[in-house]
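Notes to accompany the following structure.
Readers should treat all values here as calculations from the given coordinates under stated rules, not as data from a laboratory. All of these numbers come straight from a predicted model, not from anything done at the bench. Methodologically, a virtual Cβ is constructed for each residue, glycine included, from the backbone with ideal geometry; neighbour enumeration extends over all protein chains shown.
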Amino acid sequence: MKVTRQIIWLAAVVAVSLLTGGVASRAVLATPSNNAPANNTLASPQSFAGIADPKVRSAAYFSELSKVLMSPRCTNCHPATDRPRQGDDKRLHQPPVFRGADGMGVGSLRCSTCHGAANFDAAGVPGHHGWHLAPPEMAWEGKTAAEICAQIKDPKRNGGRTLQALIEHIGDDTLVGWAWEPGVGRTPAPGTQKEAKALVEAWVKSGAACP
Ligand code: HEC
Ligand code: HEC
């Protein structure tokens, strides 16, 4: 039943995009991750060794990491409102879908209706097991690096995580990892997940100072 609904929705998505020349033509024209800027990279923790003041150095690790956190791949799923956003231009999600009590959508527009276990590039639909929206207290959209830093350290606003758990979540979680393999037409998050993990780890071990 669920699978049937997913197929019907995907057919609808493909049909609409054929009519509008939207997703489908992008999927045809775009090569995977085609629009990554040349400097879509992350500096290594070692490259901050020249900063003598440990607090300043720690904050510098976070500033570098914030390139990832503030990328559309993360903020589209950590939005300020109850609606996810789409694409590198962070436009409001079409069709209009809403967070719902469990972050997985409302009524017939559950995330899993359209978002499968993996990217479906033919229709330009991203996917990963357990695709859903981050809760409101974890919203990053429109926030500064300093604001995200304060919030991500706060167990009341980070899902009760310790700093050590943050290293693992950003460094090893596969839903987070989707951001580096986002499918056709989307710029991957900067650097690699491994490089991002190294920065979180360096930041935590140096006292987790904020910019
Ligand atoms: C009716 C189908 C449908 C439903 C239901 C749906 N989505 Fe989507 N979603 C899509 C399609 C299609 C795209 C790709 C659109 C594009 O990139 O132009 C997309 C893209 C996204 C993206 C963009 C990823 C990026 O960085 O570009 C996010 C985030 C997202 N959806 C979250 C959700 C969440 C969370 C839910 C449930 C609350 C949800 N979607 C429900 C069809 C759907
Ligand atoms: C498909 C949607 C989705 C995408 C894409 C996504 N997240 Fe999340 N994120 C979530 C959900 C849902 C939670 C809450 C899960 C929980 O607490 O167990 C969450 C929670 C988090 C948390 C812990 C809470 C906090 O705010 O401190 C971190 C850290 C995080 N995500 C990092 C990232 C990073 C980094 C990226 C991009 C590289 C990213 N996420 C992309 C859905 C997403």
Which aspartates and glutamates does K67 reach when only Cα atoms under 19 Å apart count, and residues fewer than 8 places away in its own chain are ignored? D88, D89, E141, E147, E168, D172, D173, E181, E195, E201
In debye to the nearest 20, the charge dipole size for segment 58-179, taken about the Cα centre with +1 at each Lys and Arg Cβ and -1 at each Asp and Glu Cβ, equals 260
